[in-house]
Amino acid sequence: MSKKWVCGICGGEVIEGQRFTFVASLGAVHVECLSERSTSKMDDNYRDSIALLNANEVLLYAIVRLKEAGRIAKSEDIKSLIAEVRSSIEKAAGRLSTAIQELLE
Ligand SMILES: [Zn+2]
């Protein structure tokens, strides 16, 4: 049986598949708990910027993976479906990027 880790911030179990890391003074911690703690004292504008950057990073990664998936696909129907989904994610990423820029204005 594998070792069970308990998050040094929330006290919850670190479940297989969850992202976690180690902090010298706390032991294992969920990445989300560390992120929440590190941003909790920031002002709202800064927190919003970080939230938008994190959200956009997920979409930008998805776009790269969808490009790869489009290259793997053989049938035109599947290629076209993947391209359509990619396009909608590119639009969503553009909305987040615009919001990031607007926070700076
Ligand atoms: Zn936690």
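Hydropathy first: keep DSSP H helices in the chain averaging at least 0.0 on Kyte-Doolittle, then drop any whose Cα extent along the axis falls short of 15 Å, and list what survives. Don't jump to the answer; show the numbers that get you there.
On the way: long enough: 44-72 (42 Å, 0.08); 76-103 (40 Å, -0.05).
TM-like helix candidates: 44-72.
Return the lysines within reach of LYS67: Cα separation strictly under 16 angstrom, same-chain partners fewer than 8 residues apart disregarded; answer none if there are no such residues.
Correct list for LYS67: LYS79, LYS91.
Using bins 10 angstrom wide from zero, how does P(r) for region 20-73 break down, in % of all Cα pairs?
In order of increasing distance, the bins hold 20, 32, 29, 16, 3 percent.
In region 54-100, what trypsin sites (Lys or Arg not before Pro) fall in a loop by DSSP, with at most 16 other Cβ atoms inside 10 Å?
Values: sites: ARG65, LYS67, ARG71, LYS74, LYS79, ARG86, LYS91, ARG95; in loops: LYS74.
Answer by residue number: LYS74.
Mean-square fluctuation check for the chain, GNM, Cα pairs under 10 Å: which of VAL23, VAL58, VAL85 is largest?
Result for the chain, Cα springs under 10 Å: VAL23 fluctuates most.
Return P(r) of the chain (all Cα-Cα pairs; 10 Å bins starting at 0; whole %; ordered from short to long distances).
Calculated P(r), rounded to whole percents: 13, 27, 26, 24, 9, 0.
For region 42-103, what Kirkwood radius comes out of the mean inverse Cα-Cα distance, in Å? Spell out each step's value before the answer.
Working: mean 1/r = 0.0789 Å⁻¹.
One decimal place: 12.7 Å for the Kirkwood radius.
Throughout, read-outs are computed from the coordinates displayed, never taken from laboratory work. All values derive from a computational prediction rather than experimental measurement. FYI the Cβ positions are ideal-geometry reconstructions off the backbone, even for glycines, and counts take in every protein chain you see.
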